[in-house]
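Written below as structure tokens is the structure these notes are about.
Nothing in this text is a laboratory measurement; each read-out follows from the coordinates by a stated rule. Since we're looking at a predicted model, the values are computed, not measured. Neighbour counts run over all protein chains shown; Cβ positions are idealised from the backbone, glycine included.
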Amino acid sequence: MNRFDYHRASSTQDALQALHAAPLQSLEAQLPRFMAGGTNLVDLMKEGVMAPKRVIDIGQLPLTEIRELDDGSLWLGALATNADTAYHPLVIERFPLLRSAILAGASPQIRNRATNGGNLLQRTRCVYFYDAGVPCNKRLPGSGCPAATGLARQHAILGSSPSCVATHPSDMCVALAALEAVVHVTGPNGDRAIPFADFHRLPGNRPDLDTTLAPGELITHLVLPPNELQAHGCYLKLRERASYAFALVSVAAALSLDDDGRIAQARLALGGVAHKPWRDLDAEQWLIGQAPTADTWRECAAIILKDAVATGGPALPESLPGNAFKIPLAERAIVRALELALAGIPTNTGEDAFRALGAQEDRAPTSESP
Ligand SMILES: Cc1cc2nc3c(=O)[nH]c(=O)nc-3n(C[C@H](O)[C@H](O)[C@H](O)COP(=O)(O)OP(=O)(O)OC[C@H]3O[C@@H](n4cnc5c(N)ncnc54)[C@H](O)[C@@H]3O)c2cc1C
């Protein structure tokens, strides 16, 4: 049992002060932490992966608001729960892609507790990161990465480094990347806004750093700019089980069409394939002006996956197959997500998909839909 101080913050200012008043620690794992829903932090503390000397409970702060701004943007409080976000009328009507991604994740019980800010900062589900008994560059830079030659099914195929092959586990963040959300934070040096593309990091030689947040910064809210992508969006998630599992590959796809039926705008982000939600601006740009056909989708997938590399592969013993299967899986997932987006089918998972796919294709969705 690791002893820690517990402080329940009464205001944002109080939370920041309590964090900065905590005694200095040399180990990253022991740094003081904010706790929102606690669904990830408490697990990591129980596993001995994180051992903060002080926990500042921010769960009571008034950061739960969801509202529309004058320019049509959506304000999402950092402490609004994932459930309250997914079922909010503005999200259902204007950001259905976000709703689909949230509802593809975790379970209803966890979504009732998990917050938007915490979702952005959840840690990787790499089994070696979770095993405090083995080295891990993400836990302790320079200690090693047994994941690179170990069980690789969950690992990255894009943007990894010799130091780290872990993937970002969030579903919600994949949609937020495609929707160009902006993360608003406050900290000792004041407030700032971080475009979503700059919020999460690739591992490089500092895989311990998941984001560009400065030490002690608190996420207050997100802003989602208005868009015209509501009619043609889909969040497709492929996983080991049909529910309650993290993505092997996921795709957030959203399109708008011009009067000739060609693609006017395109947004695409992938989950489960990299250390951060993976967005490819070249592929999005290439789609503009194309006809929405199967050949277009396949060519787009090839652009996104041109630099994909499997982890492990022949170097591994047969009992530890690598993740080469993820490359063709991702290709089919991109094609299928774009097909579903074009057809206005918002997801391949859960009740929404059952209704939509059942109505339009006379078949139930499965985790093997593509
Ligand atoms: C069994 C299980 C299955 C799951 N399945 C999925 C899934 O399929 N898809 C998916 O996307 N997610 C899944 N999750 C993850 C879940 O979505 C996250 O645990 C949750 O979103 C984290 O939110 P929280 O409020 O509980 O964060 P916490 O656990 O409270 O915090 C997580 C981290 O964020 C920091 N933090 C929290 N809020 C703020 C803030 N406002 N400012 C600064 N720092 C902050 C904390 O210090 C901590 O480091 C699963 C979780 C569990 C336990």
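Based solely on its DSSP helices, what 222 nm [θ] is calculated for the chain when runs of n ≥ 4 H residues each add -39,500 (n - 2.57) and the sum is averaged over all residues, nearest 500 deg cm²/dmol?
Helices in the chain give a 222 nm mean residue ellipticity of -7500 deg cm²/dmol.
Taking R0 as 35 Å, what FRET efficiency do you get between Leu69 and Val42 from their Cβ-Cβ distance, rounded to the nearest 0.05?
About 0.55, to the nearest 0.05.
Would you mind ranking Thr167, Thr347, Thr293, Thr186 by Cβ crowding within 10 Å, fewest neighbours first? Mind showing how you got there, number by number?
Values: Thr167 30, Thr347 27, Thr293 10, Thr186 18.
Least to most surrounded, the residues fall as Thr293, Thr186, Thr347, Thr167.
With θ taken as phi - 60° and the coefficients 6.51, -1.76 and 1.60, list the Karplus ³J(HN,Hα) couplings across the range 159-172 in order, rounded to whole Hz; mark glycine and proline as x.
x, 7, 9, x, 7, 7, 10, 6, 10, 7, x, 6, 7, 3
If I model a spin label as a point 7 Å beyond the Cα along the Cα-Cβ vector, how far apart are those points for Ala231 and Tyr6 in nm?
Output for this residue pair reads 5.2 nm.
Write down Rg/Rh for the range 1-59, rounded to two decimals, with Rg from the C-alpha atoms and Rh from the Kirkwood relation over Cα pairs. Could you put the intermediate results ahead of the total?
Values: Rg = 10.9 Å, Rh = 11.5 Å.
We get a ratio of 0.95 for the range 1-59.
At 7 Å along Cα-to-Cβ for each site, give me the label-to-label distance between Ser26 and Tyr87 in nm.
Placing both labels 7 Å beyond Cα along the Cβ direction yields 5.0 nm.
Karplus couplings for the range 183-200 from phi (6.51 cos²θ - 1.76 cosθ + 1.60, θ = phi - 60°), rounded to Hz, Gly and Pro as x?
9, 9, 10, 10, x, x, 9, x, 9, 8, 10, 10, x, 4, 4, 9, 7, 8
Give, in nm to one decimal, the length gained when the segment between Glu240 and Ala343 is fully stretched (0.36 nm per residue of separation minus the Cα-Cα distance).
34.5 nm
For Asp5, which sequence-distant residues (separation of 5 or more, or a different chain) have an amide H within less than 5 Å of its own amide H, given hydrogens modelled in the peptide plane?
Amide H to amide H, under 5 Å and 5 or more residues apart or across chains, Asp5 pairs with Arg54, Val55.
Mind checking which lysines have their C-alpha under 30 Å from Lys326, skipping anything on the same chain fewer than 8 residues away?
The reachable lysines, counting only those whose Cα sits under 30 Å from Lys326, are Lys138, Lys237, Lys276, Lys306.
Search the structure for amide H atoms under 5 Å from the amide H of Arg239, placed 1.01 Å from N in the peptide plane, and list their residues when 5 or more places away or on another chain.
Amide H to amide H, under 5 Å and 5 or more residues apart or across chains, Arg239 pairs with Leu248.
I want to verify a result. In a Gaussian network model of the chain, Cα cutoff 10 Å, which of these has the top mean-square fluctuation: Ser107, Ser250, Ser26?
Ser26
Which FRET efficiency value, to the nearest 0.05, do you get for Gln60 and Ala294 by plugging their Cβ-Cβ distance into 1/(1 + (r/R0)^6) with R0 = 41 Å? Could you put the intermediate results ahead of the total?
On the way: r = 52 Å, r/R0 = 1.26.
The value I calculate is 0.20.
Over all directions, how big on average is the projection of the convex hull of the alpha-carbon atoms in the chain, in square nanometres? Don't jump to the answer; show the numbers that get you there.
Numbers: hull surface 74.8 nm².
If I average the Cα hull's projected area over directions, I get 18.7 nm².
Taking the Cα-to-Cβ direction at Asp198 and at Thr149 and moving 7 Å from each Cα, how far apart do the two end points lie in nm?
That separation, rounded to one decimal, is 4.0 nm.
How high is the relative contact order of the chain? Use alpha-carbon pairs under 8 Å, at least six apart in sequence, and give a whole percent.
Numbers: 834 pairs, mean separation 58.0, N = 370.
RCO, the chain: 16 percent.
Please arrange Thr220, Thr349 by how many other C-beta atoms lie within 10 Å of their C-beta, fewest to most. It would help to have the intermediate numbers written out before the result.
Working: Thr220 17, Thr349 26.
Listed from fewest to most nearby Cβ atoms, that is Thr220, Thr349.
So, by mean Cβ neighbours within 10 angstrom, what's the order for 171-178, 225-232 with the highest one leading?
Final packing ranking: 171-178, 225-232.
Highest first, please rank the peptides 16-22, 93-99 by the mean number of other Cβ atoms sitting within 10 Å of their residues. All intermediate terms of the calculation are to be shown ahead of the outcome.
Working: 16-22: 17.4, 93-99: 23.4.
Order by mean packing, descending: 93-99, 16-22.
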